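A.B. asks: This is the structure, below, for whatever I ask next.
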Amino acid sequence: MSRLTTIGFDADDTLWQNEQFFRLTERRFAELLSDYAAHDHLTERLLAAEKKNLAAYGFGIKGFTLSMIETAIEVTEGRAPANVISAILEAGREMLSHPVETLPGARETLEALAGDYRLVMITKGDLFDQERKLAASGLGDFFTAVEIVSDKKPETYRRIFARHGDGPERAMMVGNSLKSDVLPAIDAGGWGVFVPHELTWVLEHAEEPANHPRFRKIAHLGELREQVAAVD
């Protein structure tokens, strides 16, 4: 049996584009409320609302939409017009139906690794939306398991890699978030591979553990197979 048996993959902005839709909607939100506050102030207040609401709403479009509505009410001092609230709700619905654009190398990499390793998709977000995106991506058949979780902590990876593999010590997690994908997987005893994405959400930023022996960084998914072979 090889040293590495299981590879976990984040989904949003690792396998397919996601954050770009949040950024586009954020700009639309700022335009809707431009008569009440400056763009930078609106985005600052929206981020504060998102951060505050994570514990209640979790990650995903529905929580983002509720945070936009809350921010609209706040900056208008309770006078947000009904048509603005309606437009925010419509923007949220549009996000829930946006097309899925897989990232370069995603399919080829999964196809090359699926025969030799257990592949597990481990993602945060809304259950229905993540299931929709996975189905639309055409990548579902490569995974032996899919885990949609409320948050990603070391215990999350210990549990998932014990359930679907041989424990975190023989597992690797691949993703664009240092905070959610890489650092907790390493803390659990696994390998963490960082695949930077230019639009990673600010709340997912963290310092790279550059000197950690189980940390790897690649420019794109096409470089993953080489890192997997080096670990084995």
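The values are calculated or read from the model by the stated rules, or taken from the named source; none is laboratory data. Since the structure is predicted, the reported quantities are computational estimates derived from the model, not experimental observations. Note that each Cβ is placed from the backbone with ideal geometry, even for glycine, and that neighbours are counted across all protein chains shown. Keep in mind that these areas ignore ligands, DNA and RNA; they rest on the heavy atoms of the full protein, side chains included. Shrake-Rupley method; radii C 1.70, N 1.55, O 1.52, S 1.80 Å.
A.B. asks: Accessible area per residue of the chain at 1.4 Å probe, in Å²?
C.D. replies: Counting only protein heavy atoms, the per-residue value for the chain is 47 Å².
A.B. asks: How about the stretch 52-99: which GluC sites (Glu not before Pro) there are in a DSSP loop, with at most 10 other Cβ atoms within 10 Å of their Cβ?
C.D. replies: E77
A.B. asks: Here's a follow-up. Among the lysines, select those whose C-alpha is under 18 Å from the C-alpha of K62, and discard any that sit fewer than 8 residues away in the same chain.
C.D. replies: Counting by Cα, and skipping residues close in sequence, K62 has these lysines nearby: K51, K52, K124, K133.
A.B. asks: How much net charge surrounds V75 when only the other residues with a Cβ under 11 Å from the Cβ of V75 are counted, with Lys and Arg +1 and Asp and Glu -1?
C.D. replies: -3
A.B. asks: Taking the Cβ of G167 as the center, what net charge do the other residues with Cβ under 11 Å away carry, scoring Lys and Arg +1 and Asp and Glu -1?
C.D. replies: Charge balance near G167 sits at +2.
A.B. asks: Just to be sure I understand: of the beta bridges DSSP finds with both ends in the stretch 93-232, what percent are antiparallel, rounded to 5?
C.D. replies: Percent antiparallel among DSSP bridges in the stretch 93-232 is about 0.
A.B. asks: Mean residue ellipticity at 222 nm from the helices of the chain, using -39,500 (n - 2.57) per DSSP H segment of n ≥ 4 over the full residue count, to the nearest 500 deg cm²/dmol?
C.D. replies: Helices in the chain give a 222 nm mean residue ellipticity of -14000 deg cm²/dmol.
A.B. asks: Once you list every other residue whose beta carbon is under 14 Å from the beta carbon of R107, what net charge do they have if Lys and Arg are +1 and Asp and Glu are -1? Please list the in-between numbers first.
C.D. replies: Details: positive: R225; negative: E101, E108, E111, D141.
With Lys, Arg at +1 and Asp, Glu at -1, the neighbours total -3.
A.B. asks: Can you send over the carbon and sulfur percentage of the accessible area for the stretch 1-129, probe radius 1.4 Å, protein chains only?
C.D. replies: 51 percent
A.B. asks: Find the relative contact order for the stretch 20-109 and round it to a whole percent, using C-alpha pairs within less than 8 Å whose residues are 6+ positions apart.
C.D. replies: That works out to 30 percent.
A.B. asks: While we're looking at this one, here's another question. Of the chain, which part is the longest with no trypsin sites (Lys or Arg not before Pro) in a loop (DSSP not H, G, I, E, B) and with at most 10 other C-beta atoms within 10 angstrom?
C.D. replies: The answer is 80-232.
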